[in-house]
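Notes follow the structure.
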Amino acid sequence: MASEKLKNEQLSAEQLRAFHAHLRDEPGAIAAIKVLIDLIQSSAATTIMGLQIELQAAADVLKLHEAEGISIASGCELFMRFVTRTALDFSEYEACRHKILERGEFFKEHSTRARTKIAELGAPFIRDGATVLTTGFSRVVVALLLHAAQALKKRFTVLLTESHASGLGYTLARTLAAAGIPVTVIDDAAVAVGLERADLVLCGAEAVVENGGVISKVGTCQLAIIAHAYRKPFYIAAESFKFARHYPLHQRDILGSTPRGVPQLAPPVGGEPDAASRAPTPLLTYERLTRDYTAPKYINLLFTDLGVLTPSAVSDELIKLYY
Amino acid sequence: MASDAFEREVSVFTTKLKRRQLSGFHQTASRTAELMRSVVVHTRWQTPAKLIERIQRVGAELVRAAPQELCIGNIVRRVLHIVREEVDGLVRELERASASSRSDALTTGMPPSAFSTAPSLHNLLAANLHNEALRTPELCSAAVHEIKQPIIDGVNELIDELGSLVHSIAEQAPEHIHAREVILTLGRSRIVEAFLKRVAKTERPFEVIVADTAPSYEGAEVARRLSEAGIQATLITDAAVFALMARINKVIIPTHAVMADGGLLAPAGTLAVALAAQHHSVPFVVCAGIPQLTPIFLTDADDFNLLLAPAPILSYDETAALEVNALCDADGGADGAEGSAAAVVDGPARRAGASSGPAGVPPGIACRQPSGRDDGFATDSPNPAYDYVPPGLISLLITNIGGTHPSYIYRLLTEFYNPLDIHFGPQAAL
């Protein structure tokens, strides 16, 4: 397969290992950019063109990552764009490479900086006495909630869905409770009930697409629709490197890299799954979707490190970058 | 001394703001712009950073005097934007000059003058902006007098814009109001009045229904002024708005401010009209000047709101009567409650109690002592000045530079303000 060949040529096993290590504590986009910077460091290319080809091939491999493909793609694209632009300013290859690496070093710390900025911008939207509903596990959302509780000394409660399949809701709940924020974990299916007593919804995102909608953990879309029906504000917290040049129209447009038709079921409450009775048949298939697309009309505001944006402002940022 | 005179001017203005002798867009905006011009003209500044700092400080002082007058902050941001633009132009010019003198132009691709560069996706990777935010001192000390005049010109243009704003909005009126249309309006504003009168000049027959805008009842005055201008005006109560909405072709209203998400901070009662308009699918049109665009998001419905005196809703005499009623209720209650209720009631209630009981108010009306209150006042009558109208309810925003949709506001904001100035000065935010 072409990608296999590329993988062997472009990324050593070591680099791929490093990538997966980065992925554990960084968003996909940043992990990918770190790998690309390392690649430039070790690259034997002697021209910009050669370097770009190598980077592109490596980016193509990284993008194949199942869970965070879109975020990685947007990170890679942002970086490639930056390399191209820097290349225009330098006539010497070495000088250019040096500059790219220099700025790359600075960028490595970017996700922490971005998170701090978002926390500062978004935390004032949490009022004293508010109840915040959230789903999934987003590092940005955690940073925002902690900033509101610790720096701004807001008193609020958090309603959390258990985020089935990954179960990350429990991890988030423990993190917040340890920081002194009262948390209640509710069923994923109970969001409509929970929302009635929530004042606002705050979610993270995997990618922010061109029309201002977001791609995020499955369950976000239904939450946004319910929030819209209840007239509760729905906010997204996401770093700007997650802005992606995608324009999904339907949910099926983003399914591309989600594993489908795989009957991996979590054990039902009270016992092991009865494999025989659950085995797929020609008329019975199982789908586990990992992400969904939330249309911009359901989103009130996006808290990003570029500022608080309305969904329609996202496209402007992308246009500024790519045209 | 010029600076003394300036300080005096500022203090006179802030005092009037604090006393609310000056309020509203028209009274505050141009005065603020003139003061900003004085800052540029009269204060000594060697570097642009100094000037910006000075503007921010004076601006913050004005904003602190009347945080609810959002246009003051907006004017200050506009002036800061003008300064930054001019400085940026100068820096770029100097760089071009120095680059052409050196043969190897080893400059970076981005314009490195981060003096006005706000964070964007475009320069995310490009530079460490944070360190560069306020540099350029040595660059500009010599050339600074070159930009002083352009900055003053820029501020003068802004003052002119404020002067011609009502006219520029009104000029668009004939495009929006057609013959035999029925318009609903609420609240009193120079802009909407001029807008409607401009249509009257075209001799198109049309009708305006004016909601009386309780509790200020400014609607009556509006209706009178419109009818004097030959417009058929009908005055209705606020309560009748929904009933009449089916007959309305367009709602045209003024606003206090337009917020960053495109929502409005408008006179209380506007939200009810907006919801009625939405229910009947009637276009909801807002007239506002560009200086009313505020690059701040409301984090709470009560942000920047004002609680006005309750007198128009509940007069002083009536309060006295109600308090006595509350007292009577307490009398009928437990003995312990009686003592405490009586003890805390002060002046007016005692006076009313001395006379022959509640006059005019039938016993039992609005007299329930709300739980948790022990100050002797049985009735609460808040009189908020503004409503927040979410952007989804607004069909069109007519500004002095043309009509826009609320979802387009973010674009206008980037055009007129620098993101670095959104929260200028230390205490400017609120």
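Every number in this text was worked out from the coordinates using simple rules, so none of it is lab data. Treat the numbers as computed from the prediction; the structure is a model and nothing was measured. Methodologically, a virtual Cβ is constructed for each residue, glycine included, from the backbone with ideal geometry; neighbour enumeration extends over all protein chains shown.
Brief remarks follow.
- Among the listed pairs A:Lys117/A:Lys297; B:Lys50/B:Lys148; A:Lys34/A:Lys63; A:Lys117/A:Lys153; A:Lys297/A:Lys320, those with a Cα-Cα distance over 20 Å are A:Lys117/A:Lys297; A:Lys297/A:Lys320.
- Averaged over the residues of peptide A:100-108, the number of Cβ atoms from other protein chains lying within 10 Å of each residue's Cβ is 2.
- Reported to the nearest whole Å, the Cα centre-to-centre distance from segment B:389-416 to segment B:164-218 is 19.
- The Cα atoms of segment A:2-113 cover 39, 36, 21 Å along the three principal axes, with the biggest extent listed first.
- Candidates A:Phe137, A:Phe79, A:Phe107: whichever shows maximal mean-square fluctuation once chain A is modelled as a Gaussian network with Cα springs under 10 Å: A:Phe107
- Rounded to 5, the percent of DSSP beta bridges in segment A:126-322 classed as antiparallel: 35 percent
- Estimated dipole of chain A in Debye, rounded to 20 [Cβ of Lys and Arg +1, of Asp and Glu -1, Cα centre]: 680 debye
- Entry note, chain A: relative contact order of 16 percent, from Cα contacts under 8 Å with a spacing of 6+ residues.
- Rounded if a/c under 1.5, otherwise prolate or oblate - chain A, Cα gyration tensor axes: oblate
- Counted charge near B:Val182, where neighbours are those whose Cβ lies closer than 12 Å (Asp, Glu -1; Lys, Arg +1): +1
- For B:Thr234, the amide hydrogen comes within under 5 Å of the amide hydrogens of B:Val208, B:Ile209, B:Val210, counting only partners 5 or more places away or on other chains and with H modelled in the peptide plane.
- Computed 3J(HN,Hα) for segment B:249-257, one whole-Hz value per residue from the Karplus formula 6.51 cos²θ - 1.76 cosθ + 1.60 where θ = phi - 60°, is 8, 7, 9, 10, 10, x, 9, 7, 7, glycine and proline marked x.
- Across segment B:296-309, rounded Karplus estimates of 3J(HN,Hα) from the backbone phi angles (6.51 cos²θ - 1.76 cosθ + 1.60, θ = phi - 60°) give 10, 8, 6, 8, 8, 4, 8, 4, 6, 8, 10, 9, 7, 4 Hz, Gly and Pro being marked x.
- Comparing A:Ala238, A:Ala179, A:Ala130 in a Gaussian network model of chain A, where Cα atoms under 10 Å apart are tied by springs, the biggest mean-square fluctuation is seen for A:Ala179.
- Inter-part distance, segment B:2-76 to segment A:55-90, computed on C-alpha centroids, equals 48 Å.
- Within 10 Å of the Cβ of each residue in A:118-130, the mean number of Cβ atoms contributed by other protein chains is 2.
- Peptide A:308-318 - average C-beta neighbours from other chains (10 Å radius): 5
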